[in-house]
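Worksheet: the structure to be examined is printed underneath.
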Amino acid sequence: MIKAVIFDLDGTLLDRDSSLKCFIQDQYERYSEELAHIPKQEYISRFIELDHKGYVWKDKVYQQLLNEYDLSNLTWEGMLDDYLHYFPAHCVPFLHMEDVLKELKKKGLLLGMITNGFTDFQWMNIRALGIDHYFDTILVSEQEGIKKPHKDIFLRALKALDVSAEESVYIGDHPENDVLGARGVGMHAVWKKDAFFDGNFTDSYVIEDLKELLNVINEFQENWCEKEKHDENRSSSID
């Protein structure tokens, strides 16, 4: 039986693409005097390109932006501090996020989260979404000293929840860090499809909307019951 559902954060619960666009637009307006010579949409597009879906940390992004646009009146340290301070205020959840978390808790399932990133920053985003109280354990890679797809961070989450890999479902948007990482320790894995990544999981569950996860969990539970009945019948026939 499935006892726990463990989530990724960015790209799974947090709509990072929408959040980042909202933040960049706001930052551009706050620094409009210094950035006036750069068309707004150009600045936003270039930031998103350099950000590479969040896999390039912002110190590098800002250093590149300041160099490309000759922004000698700004510092990358100051822009990075601005990002760390203001980004959480622009956190946008994916559609149905809270409804799904509530329904899973109503079903009596344990909830966990494993996210790569910096501890304080990720916790600010989690709290900005208002979802920390739903989770029985939350692991952030910086605090743990390891990051996905390393198997140990998945195993730590399972230990914290006191469940086996077979009793757990993991959902995330990154094919390697999330899907293959979870499957590597024997967990059931669900890919929240993202066009940014190439994914060909014909033998895995794939969803596009979080509400689809509820049906997937129900299917896992039904399959588990059928397996138990099959094992019981097989045992009886042998006896």
Does segment 169-178 contain any residue that is within 12 Å of Asp8 (Cβ to Cβ), among the polar types (S, T, N, Q) and under 15 Å from the mean Cα position of the chain (by Cα)? yes
Any residue in segment 204-233 that's more than 19 Å from Thr12 (Cβ to Cβ): show its pairings with residues that are open to solvent by 80 Å² or more (accessible area, probe 1.4 Å) and modelled with pLDDT of 85 or more at Cβ separation under 6 Å, as long as the two are six or more apart or on different chains. Trp224/Met1
Which ones in segment 134-162 are in a helix (DSSP H, G or I) and touching a Lys or Arg at 6+ places or on another chain (Cβ under 9 Å)? Tyr134, Ser141, Glu144, Ile153, Phe154, Leu161
Please find, within segment 9-65, the residue that is nearest to the chain's Cα centre (by Cα) out of those that are of a type in the set (Phe, Trp, Tyr) and under 30 Å from Thr137 (Cβ atoms). Tyr55
Among residues belonging to segment 168-182 that are within 22 Å of Tyr55 (Cα to Cα) and in contact with a strand residue (DSSP E or B) (Cβ under 7 Å, 6 or more places away or on another chain), point out the one that is surrounded by the fewest Cβ atoms within 10 Å (Cβ to Cβ). Pro175
Please report, ordered by residue number, the helices (runs of 4 or more DSSP H) entirely within segment 1-104 with at least 3 residues that are open to solvent by less than 10 Å² (accessible area, probe 1.4 Å) and of a type outside the set (S, T, N, Q). 16-30, 40-51, 58-68
With respect to Ala165, determine if the residue is surrounded by fewer than 22 Cβ atoms within 10 Å (Cβ to Cβ), out of contact with any strand residue (DSSP E or B) (no Cβ under 7 Å at 6 or more places or on another chain), over 17 Å from Asn116 (Cα atoms) and of a type outside the set (Lys, Arg). yes
Looking only at segment 189-202, filter to residues that are out of contact with any Phe, Trp or Tyr (no Cβ under 6 Å at 6 or more places or on another chain) and over 18 Å from Asn116 (Cβ atoms); which one of those is modelled with the highest pLDDT? Lys193
Keeping to segment 163-182, report how many residues are assigned to a helix (DSSP H, G or I) and either of a type in the set (Asp, Glu) or touching a Lys or Arg at 6+ places or on another chain (Cβ under 6 Å) (or both). 6
Scanning segment 17-54 residue by residue, the ones that are of a type in the set (A, V, I, L, M) and within 30 Å of Lys193 (Cα to Cα) total 5
Given the structure, is Leu129 modelled with pLDDT of 95 or more and touching a Lys or Arg at 6+ places or on another chain (Cβ under 8 Å)? no
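The values are calculated or read from the model by the stated rules, or taken from the named source; none is laboratory data. Quantities reported herein were computed from a predicted structural model and do not represent experimental measurements. With ideal geometry, Cβ positions are generated from the backbone for all residues, glycine too; neighbour counts draw on all protein chains shown. Heads up: the accessible areas ignore ligands, DNA and RNA and are worked out on the full protein's heavy atoms, side chains in. Shrake-Rupley method; radii C 1.70, N 1.55, O 1.52, S 1.80 Å.
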